[in-house]
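Since the structure comes first, as structure tokens, the remarks are kept for the end.
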Amino acid sequence: MPRTLFISIVICLPLSLFGQQKIISGYLYDKSSNESIIEGVIFSIPSKNGVTTNEYGYYSLRLDSLDSIIIVRAYGYSDTMISLPKLKRGISLNIYLKPKITSFEEIDIYSGKMKVREDEMGVMSIPMKDVKRMPNLFGEVDIIKSYQMTPGVQSGGEGSSDYYVRGGGAEQNLMLLDDVPLYNISHFGGFFSVFNSDIIKNTKLIKSGFPSQYGGRLSSVLDVRSKEGNSKELIAQGAVGLLSTRLAVEGPIVKNKASFIVSGRINPIPVFRLIGNGLNYHFNDLNAKVNWDVSDNDKLFLSFYRGRDKVKDKSGGETDNTPSLKNTLSWGNTMVAFRWNHKFGSRVFSNMTLYNTNYSYIEEFEFKEDTDTSKRNIYNELFTGVRDVGFKYHLSLFLNSKIDLNLGVNSVFHRFTPNDIYYEQTGSDIENISRSNNTKMDALENIAYSEINIDLGWLSVKGGVRYSNYILDSLTYNNFEPRLVSSFNFFESWSLKYSYTVMNQYIHLLAYSGTGLPSDYWMPTNSEVPPSKGLQHSIGLYKSLNKDKYILSLEGYLKNTNNIIQFKPGETLIGQVGSWDETVEKNGKNRSYGLEFMAQKKRGDLHGWISATYSRSLLQFDNLNEGRVFPFKYDRPLSINVVAIYDLNDNVNFSLTWQYGSGYPITLADEIYIHNGDYIFHYDDINNTRMRDYHRLDVSFNHTKEKKWGERTWTISIFNLYNRKNPYYYYYEHEYENVSDGKGGAEAVKGDLKLYQRSLFNFFPSFSYSFKF
Amino acid sequence: MKESNYFIILLYLALLSCSKEIEIDLEKVEPRLVVRSEITNKPDTVAPGPGTIFPQYIPAKLELGLSSSVTDDPTENIVDAKVVLKKNNFVYDTIYYNSTKEYYELFETPDDLPEPGDDLSLEVIYNNEKVSSSAKMPSKVDIISIDTSIYYSHYIEGTGMFSEGTLTFQDPGSEENYYELMVCSSGLYNGELNPLRIKTDETFITGEKHYPSEINTNQYVFDQKSLLFTDKTFNGEKKSVRFYFIIGGYKHSNTIDFGHKTRIYLLRNVTKEYYMFKTSKRTYLLNSGENFLMGASEPQNVYTNIKDGLGSFGVYTHDQEIYFFPKRTIQL
């Protein structure tokens, strides 16, 4: 009863608050391309009312009768002042901003609402312009690597695009491309992500205080929005780098009405084969989007993404008499989404999304022998993946200047394929066998949510509830997830915030914790493996200086997660004939906590941030480590990041990043014994040792020049400038000494056992050339 | 030099990872006793029949070692420990190292060997350190039949020749059973069994993580000397297991000479702890050779049922059949 009452209040109370106000609403656009602008600010000075455009560039602003001028600003655009006509009760006004090359100039006019007073916390949004200017490895611009430089986000190892937020596993990150989940975001063994910088318009990483519209993952939401395409002129841009070459084309289909953007990437150089280790590795991806402004009230979008990585490892078969072994791994996502934005008057905005997203991972093994005495063929294929077909409907109601309401429903049909196996063997001296194992399972997830945002100036509260329902066969789970973000704003530029979030995750990821190629198996919640549940408290103190030029923040969090799973030691799904849930340890608990400090300089020729984080992430499983708590693989107690970007002029900029982190924990054997001639290492605790501390300085230089045919940019990045040998993993190995055998020769004698550190990338310069015309 | 060559050189520099020795303060561990022990029942006395000979006695023995810190050398044999063996809660004997046999002999005479259902416990005292373990002898599962008719119908794999056999038994339905199947060469002269390399195509065995195959490891020539499996897919049923075992090396000639051979086929019904020790050790050995690029596995310890120590107190019942195969020459 109390729960029902609460929901009723949340939904119904605001409806009574519709007032007789004057409203302007519409979209904010880039004047040069008609691309909508996200997170632009529209405000009126007299009334100090202001709003931010949503993820579709839409705004709805309530004005007082005295308001006759509004000011519009957005990162990378010139500020614009607009005189309003005599206001009727509501008018539609699309606003066009002119891009400028340099960053924000100093301005005296201020919106009256500082960034720190917004009702969100744990949110980072790095402008794409800055992402492109930050140092990179192999010349690959990567938003994930940029977010790894922010507090609370750890990387999955040297050069990896995996990321871990506030002590949670990689599977706990919801990664959205145009509002559609992607299940794997790694290309090239994880060295860079699937997000192609040429098509990204805006990104946002949320670590706490999750809005009710987001759910299904426990630790973070990465919301990536792609460009819609230039509806004024045809533009091409691209880049040539060491690992990938990319090309993007965008332009109008119907001028100022409909546009498209297509962008693709391939790796033309077979790098691993060239360095002679037998691997043949290729990847490619393609993004495409069509956008149509049907009317002032309706916009349609069609998005497509497909990415694929493929690794082949072949050995033997050089002659007719030698057997051949071939291993092939391939993985990737395919996504297609249709969206419809509709305005109901000036106060209500809606978005409907229909989508299909598919992740698959295939391992193939082939053994062939064709000799005079024996003929054998063995083929094994493992297929694992998940396909979602989903529907989302979201409504934003701008009730008055103080209250917004968000409502929505989602429904997702999941088709899981945990581990389909096909095995076939034929031969002259072995039995012919053919067998297959079909593991497909269908599940349905239904969601409804409601959220109210109340902004009283000194206090803002965002409160909501998300209801989720999961059905697999006769099994049903129902969960309510309360959400709260409150902000107490004082002394004009200070803010104290608290958030409380409950999240449920109905899908689980199994991955080998080794350093190898991706091996992601997405598994459904079932009767043996219940949904993971996460609860996070977060509290933060924020200070704005010089009108948001500088922002200081200190955030603390405490997060408890239960029902997490991982492979049992030594387990694998390869060749597994039983149920997959027999291979996992269940009912794991994760407790993580931390304190994150961040000082940002948001404007000026020199801008960037410094952050320091103290955090811990600890795991406990009844059947692992004898039930004792052990650190998460990416537990990093201390990390420090420095990011500095300096614009020398419109054409030249420099950037620098430095990161320091405590060493990641590893399981290192501390004991050895012999059993029937075999040497066996034994460890006392999981992750009982820490590798050496990690630190690295990267620098980058970008030079852009206008040419007759367009614009070109040379980027020079130096990774690991001072050549720090950072640990990638440790291993034991006996050293061998050559000892005289007494007959004039020498023999290798096993010596002491020593511990070695493998480092991946040392001092490494890279170059890329990008163009736009 | 072409521009692309510069790229390749740069890439090579980047990917050429480096290794260096590092010093790390690993805490020295206290050495622990490592137990290697097997106890089984007395074999049935069977009348000699066509192709069979007297059953092979399997001595009940215990060997001891000592672990060390990883940077030190572990000890393989400890000879000055004291072993107290209990049977059904009564002290059976206090045992010292038998320097003639080079192990601790747990039961000196076959008639004292435990029967199915007997409780056994072990206590080892060495330098004021004590480790212990206990187990119950599982029920005995008899071999119903062994098809040896195609012993000479070998196949060649690499440099080895394999023969085939099929063993049939009745699984007791009332309990979980853990099995080990072996084929051994004759140990009549030294009292030791010499297990032969063995393989199978049975999916309920090959699907297990500890089974070395072309699929789950690069080391598919792993020297597997027994098949380990459970009855989870055939509980209470009559079961036949087909297997292949090595019978000699292939020398690339047109004829193959099979000498006189005695082969001992054993079906062991082992304790769960013995099964866990053996399978975890096998998985450990398989994974320890994994290439890091293709996905290193989770670190794992080898299971132990020795309290305060390491290794295994292995207890099982077994049934065996011994076959004699006369010499024969086969033209290829």
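The values are calculated or read from the model by the stated rules, or taken from the named source; none is laboratory data. Predicted model, so just to flag it, every value in this text is computed and none were measured. Neighbour counts run over all protein chains shown; Cβ positions are idealised from the backbone, glycine included. With ligands, DNA and RNA removed, areas are computed over all heavy atoms of the protein, side chains included. Shrake-Rupley method; radii C 1.70, N 1.55, O 1.52, S 1.80 Å.
For the range A:743-758, enumerate the residues that are outside any strand (DSSP E or B) and open to solvent by 70 Å² or more (accessible area, probe 1.4 Å). Talk me through it step by step, then tell me what you get.
Restricting attention to the range A:743-758, the residues satisfying the condition of being outside any strand (DSSP E or B) are A:743-745.
Of everything in the range A:743-758, those that are outside any strand (DSSP E or B) and open to solvent by 70 Å² or more (accessible area, probe 1.4 Å) turn out to be A:743, A:744.
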Check: Can you name the condition, by its number, that residue A:439 falls short on among (1) at pLDDT 90 or above; (2) open to solvent by less than 40 Å² (accessible area, probe 1.4 Å); (3) more than 27 Å from residue A:589 (Cα to Cα)?
Finding: (1)
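Considering each residue of the range A:570-620, count those that are part of a loop (DSSP other than H, G, I, E, B), closer than 25 Å to residue A:207 by Cα and either at pLDDT 90 or above or in contact with a strand residue (DSSP E or B) (Cβ under 7 Å, 6 or more places away or on another chain) (or both), and give that number. Break it down into steps so the answer makes sense when it comes.
Of the residues in the range A:570-620, the ones part of a loop (DSSP other than H, G, I, E, B) are A:570-579, A:602-605.
From the residues that got through so far, the ones that are closer than 25 Å to residue A:207 by Cα too are A:602-603.
Now restrict to residues that are either at pLDDT 90 or above or in contact with a strand residue (DSSP E or B) (Cβ under 7 Å, 6 or more places away or on another chain) (or both): A:602.
Final tally of qualifying residues: 1.
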Next item on the list: Restrict the check to the range A:635-651 and report whether at least one residue is within 29 Å of residue B:77 (Cα to Cα), open to solvent by 30 Å² or more (accessible area, probe 1.4 Å) and either of a type in the set (Lys, Arg) or more than 10 Å from chain B (Cβ to nearest Cβ) (or both).
Entry: no
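Quick check, is residue A:215 in the same structural domain as residue A:535 (by TED's automatic domain parsing) and within 16 Å of residue A:534 (Cβ to Cβ)?
Details: in the same structural domain as residue A:535 (by TED's automatic domain parsing): yes; within 16 Å of residue A:534 (Cβ to Cβ): yes.
Judged against the criteria, residue A:215 is a match.
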Item checked: Flag if residue A:346 is surrounded by 18 or more Cβ atoms within 10 Å (Cβ to Cβ) and not in a strand (DSSP E or B) -> yes
Check: In the range A:136-150, what residues are of a type outside the set (S, T, N, Q) and in contact with a Lys or Arg (Cβ under 9 Å, 6 or more places away or on another chain)?
Finding: A:137, A:141
Margin query: Condition first: small (Gly, Ala, Ser) and without any contact (Cβ under 8 Å) to a residue 60 or more places away in the chain. Now tell me which residues in the range A:713-747 satisfy that.
Written below: A:740, A:742, A:744, A:745, A:746
Notebook entry, point to check: Exactly one of (1) more than 14 Å from every other protein chain (Cβ to nearest Cβ); (2) within 30 Å of residue A:129 (Cβ to Cβ); (3) in a strand (DSSP E or B) is unmet by residue A:718. Its number?
Noted result: (1)
Margin query: From the list B:226, B:280, B:288, exactly one residue is at the interface with another protein chain (Cβ under 9 Å from one of its Cβ atoms) and modelled with pLDDT of 80 or more. Which is it?
Written below: B:280
Next item on the list: Would you please list the contacts, defined by Cβ atoms under 9 Å and residues six or more apart or on different chains, that run from a residue in the range B:164-176 that is closer than 15 Å to residue B:321 by Cα and among the aromatic types (Phe, Trp, Tyr) to a residue that is open to solvent by 10 Å² or more (accessible area, probe 1.4 Å) and part of a loop (DSSP other than H, G, I, E, B)?
Entry: B:169/B:142
Checklist line | Among residues of the range A:159-185, those that are open to solvent by 10 Å² or more (accessible area, probe 1.4 Å), charged (D, E, K, R) and more than 30 Å from residue A:36 (Cβ to Cβ), counted | finding: 2
Next item on the list: Kindly indicate the residue of the range A:676-701 that is open to solvent by less than 50 Å² (accessible area, probe 1.4 Å), under 21 Å from residue A:761 (Cβ atoms) and of a type outside the set (Gly, Ala, Ser) and also nearest to the other protein chains (Cβ to nearest Cβ) among those meeting that condition.
Entry: A:691
Notebook entry, point to check: Hey, any hits in the range A:725-740 for a residue that's part of a strand (DSSP E or B), open to solvent by less than 60 Å² (accessible area, probe 1.4 Å) and of a type in the set (S, T, N, Q)?
Noted result: no
Notebook entry, point to check: How many residues, within the range A:186-195, are surrounded by fewer than 24 Cβ atoms within 10 Å (Cβ to Cβ) and either part of a loop (DSSP other than H, G, I, E, B) or at pLDDT 85 or above (or both)?
Noted result: 1
Check: Out of all the residues in the range A:663-670, is one or more more than 11 Å from chain B (Cβ to nearest Cβ) and not in a loop (DSSP other than H, G, I, E, B)?
Finding: yes
Check: Being in the same structural domain as residue A:663 (by TED's automatic domain parsing), closer than 26 Å to residue A:683 by Cβ and not polar (S, T, N, Q), is that true of even one residue in the range A:599-612?
Finding: no
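With the requirement that a residue be in contact (Cβ under 8 Å) with a residue 40 or more places away in the chain, in a loop (DSSP other than H, G, I, E, B) and surrounded by 15 or more Cβ atoms within 10 Å (Cβ to Cβ), what does the range B:109-141 give you?
Here is the first cut: in the range B:109-141, the ones in contact (Cβ under 8 Å) with a residue 40 or more places away in the chain are B:110-111, B:113-116, B:120, B:122-126, B:129-141.
From what is left, the residues that are in a loop (DSSP other than H, G, I, E, B) are B:113-116, B:137-141.
Scanning the range B:109-141 gives B:113, B:114, B:137, B:138, B:140, B:141.
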Next item on the list: For residue A:547, work out the one condition from (1) modelled with pLDDT of 85 or more; (2) open to solvent by 20 Å² or more (accessible area, probe 1.4 Å); (3) closer than 30 Å to residue A:642 by Cα it doesn't fulfil.
Entry: (1)
Item checked: Selection from the range A:575-608 of residues that are open to solvent by less than 20 Å² (accessible area, probe 1.4 Å) and of a type in the set (Phe, Trp, Tyr) -> A:580
Check: If residue A:761 satisfies every condition in (1) surrounded by 14 or more Cβ atoms within 10 Å (Cβ to Cβ); (2) more than 14 Å from chain B (Cβ to nearest Cβ); (3) part of a loop (DSSP other than H, G, I, E, B); (4) not β-branched (Val, Ile, Thr) but one, which is the exception?
Finding: (2)
Checklist line | Criterion violated by residue A:242 - all others in (1) in a strand (DSSP E or B); (2) open to solvent by less than 50 Å² (accessible area, probe 1.4 Å) satisfied | finding: (1)
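Could you please find all residues in the range A:293-303 being in a strand (DSSP E or B) and surrounded by fewer than 18 Cβ atoms within 10 Å (Cβ to Cβ)?
Initially, the range A:293-303 is screened for residues in a strand (DSSP E or B), giving A:293, A:298-303.
Matches in the range A:293-303: A:298, A:300, A:302.
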